[in-house]
Each structure stands twice: as C-alpha cells, then as structure tokens.
Amino acid sequence: MSERKSRDFFARDEETQKEFLHYTWCNQCMASDLGMTHPVEYEIAGDVFIEGACAVCGDTVTTELQDDDESSDEQ
Ligand SMILES: [Zn+2]
C-alpha cells in the first residue's frame with residue numbers, strides 16, 4: 001500500500017483554492033462543479049489529491065490534480 005502524505009491545501013494561493021473548490025465531480029450527484037467544503041490535500045505515490053465534502057449532498061468528492069501548477073499554459 002502506498003503511503004498517504006498530507007499536504008497543506010491552504011498554502012496554495014486563494015485563486016487556486018477557489019478553483020479546486022469549485023471544479024469537482026460528485027459520484028453521488030453525478031454532476032460536476034457543485035463545489036466542495038472541508039478540503040484536505042494529500043499525496044499518494046506522487047499523485048496529488050484534494051478530498052472534501054460535496055457542497056450539495058455532503059458525500060466525499062476527490063479531485064486528482066494533473067501534474068504541477070505551472071503546466072497549464074495552453075494558449
Ligand atoms: Zn453530491
């Protein structure tokens with residue numbers, strides 16, 4: 001089993017935090033971008049995840065982060 005390492009979600013800048021809290025997918029609601037509350041960030045085997053509670057139904061939602069923060073320059 002891979003070890004789960006905690007990371008500090010609140011160390012991210014405010015804009016980034018807002019984005020992650022907004023862009024979610026909830027398996028319970030079967031809908032995206034409902035938002036999450038109580039975010040917790042952690043890392044498993046080099047992959048970074050943000051886990052929180054769906055703002056609508058309260059079920060656990062998990063967002064897997066793609067790569068690092070700087071790789072989003074697609075224009
Ligand atoms: Zn939900």
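Residues of region 30-48 being surrounded by 12 or more Cβ atoms within 10 Å (Cβ to Cβ) and assigned to a loop (DSSP other than H, G, I, E, B), which ones?
Selection gives Leu34, Gly35.
Quick one: how many residues across region 6-50 are more than 16 Å from the ligand (Cβ to nearest atom), of a type in the set (S, T, N, Q) and free of Cβ contacts under 8 Å to residues at least 40 places away in the same chain?
Matching residues across region 6-50 total 2.
Go through the residues of region 54-61 one by one and say whether even a single one is within 13 Å of the ligand (Cβ to nearest atom), over 24 Å from Ser2 (Cα atoms) and part of a strand (DSSP E or B).
For region 54-61, residues within 13 Å of the ligand (Cβ to nearest atom), over 24 Å from Ser2 (Cα atoms) and part of a strand (DSSP E or B): present.
Where a number appears in this text, it was derived from the coordinates with a stated rule and is not lab data. Everything numeric in this text was worked out from a predicted model, so none of it was measured. Every residue, glycine as well, gets a Cβ built from its backbone with ideal geometry; the counts of neighbours run over all protein chains shown.
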